[in-house]
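Written below as C-alpha cells is the structure these notes are about.
The values are calculated or read from the model by the stated rules, or taken from the named source; none is laboratory data. Remember, it's a predicted structure, so these values are computed and weren't measured experimentally. Cβ coordinates were reconstructed from backbone atoms using ideal geometry, including for glycine residues, and neighbour counts include every protein chain displayed.
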Amino acid sequence: MFTQELFPSRSQLELSDAATHRLREYFTALVQERRRAHGDDPVSAWLRTWDGLEADRAVADEAVYSLALFVLLAGLETTSHVLSTMVWLLLEHPRQLEWLRAHPEDIPSAIDEVLRYDAPIHMISRIAPEDTTLAGVRVHKDEMVQLMVGAAHHDPAKYDDPDLFNIHRRASPLSFGGGVHYCLGAPLARLEATSLLTALLERLPGLRISGSPVWAPRVAFRRLAKLTVAQA
Ligand code: HEM
C-alpha cells in the first residue's frame, strides 16, 4: 500500500519490499500447491482458465500468481476500510442509524454515502497515451495523472454541503473507479457492507464508540487504524 502513496518514505518502501518478498513466497507456493492438486477454489479455477490460453506453464503460473496477489491487495485493505468507516460514521450519526433500523431498504444508499464521504482509495492513477487537455489542464504523452477521487466527492459543485454525512443524499461515488478497469470486487464489497450493517442493526443495538479513532497518515489508500467500540 505504501508504494501507491504520493510520497512514500524510504523506510516505508523498505517495509513494502520486505512484505512483497513474503507475499511472493506465499503465493508462489500456493500456485504450485494448486498445480499439484487442483481444488474447488479460485486459484485452481484461474490455473484451468490460463492453461487454456497459454501453452507455457511457467508463464501461466506467473500470471495466476500476479492475479492472486493483486486480488488480495485490491480487495482486503479497501473493504476493511469501508467496513470500519461505515461503523464509525453511523455510530457518530445515531439518528441516521436509527433511520436504517426502520428503513433497511435504504442500506444501499447509506453504503454509497460512506463510499462518497471517505473513499477507501482517494486517488486513481493513469498515464496519458497521447498529448491531451483534461479539464483545462495540458497533459503530455506518458505523463502520470493522479485523479483525486476523494476531493471530487467533496466538490460543492456536485454535492450540496459535501462535508455533511447524509445517507439520504443518493450519492453516486467514484470509489470503484470507472470504465474498463471498474472494480471487479464492487458487488462483493457492497455485499460485505450490507451483511455487516444488517447484522449490526439486528444484534448490536447498544453499540457505541468508546475511544478516539486513529487514522493512518495516508492519501492513496485510507486506513482507519483503530476504532474502539463498546456494547451497552
Ligand atoms: C470498498 C472496497 C473496494 C474499493 C473501494 C475498490 C476500489 C477499486 C478501484 C478504484 C479500482 C479501479 C482502479 C483503477 O481504475 O486504476 C478497482 C479495481 C479492481 N478491484 Fe477493487 N475495490 C474494492 C474491493 C475489491 C474487492 C473485494 C476485490 C476482489 C475480491 C477487488 C478487486 C479489484 C480488481 C481485480 C480490480 C482491477 C480491475 C481491472 O483493472 O480490470 N476490489 N477497485
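General observations
- Screening the range 179-214 for residues that are closer than 27 Å to T3 by Cα and more than 16 Å from the ligand (Cβ to nearest atom) and picking the one that is surrounded by the fewest Cβ atoms within 10 Å (Cβ to Cβ) gives V214.
- Candidate set from the range 42-82 (those that are touching a His at 6+ places or on another chain (Cβ under 9 Å) and under 17 Å from Y26 (Cα atoms)); member that is surrounded by the fewest Cβ atoms within 10 Å (Cβ to Cβ): S44
- Identification of strands (runs of 3 or more DSSP E) wholly contained in the range 92-163 with 1 or more residues that are away from the ligand (no atom under 16 Å from the Cβ) and not hydroxyl-bearing (S, T, Y) yields 137-139.
- Test for T49: is it among the hydroxyl-bearing types (S, T, Y), part of a helix (DSSP H, G or I) and at pLDDT 95 or above: yes
- Pair list, Cβ under 7 Å, 6 or more apart: the range 69-87 residue closer than 19 Å to A230 by Cα, other residue within 9 Å of the ligand (Cβ to nearest atom) and among the charged types (D, E, K, R): L83/E192
- Any pair with Cβ under 6 angstrom, 6 or more apart, that starts in the range 183-211 at a residue that is free of Cβ contacts under 8 Å to residues at least 12 places away in the same chain and ends at one that is within 16 Å of the ligand (Cβ to nearest atom): A186/F176
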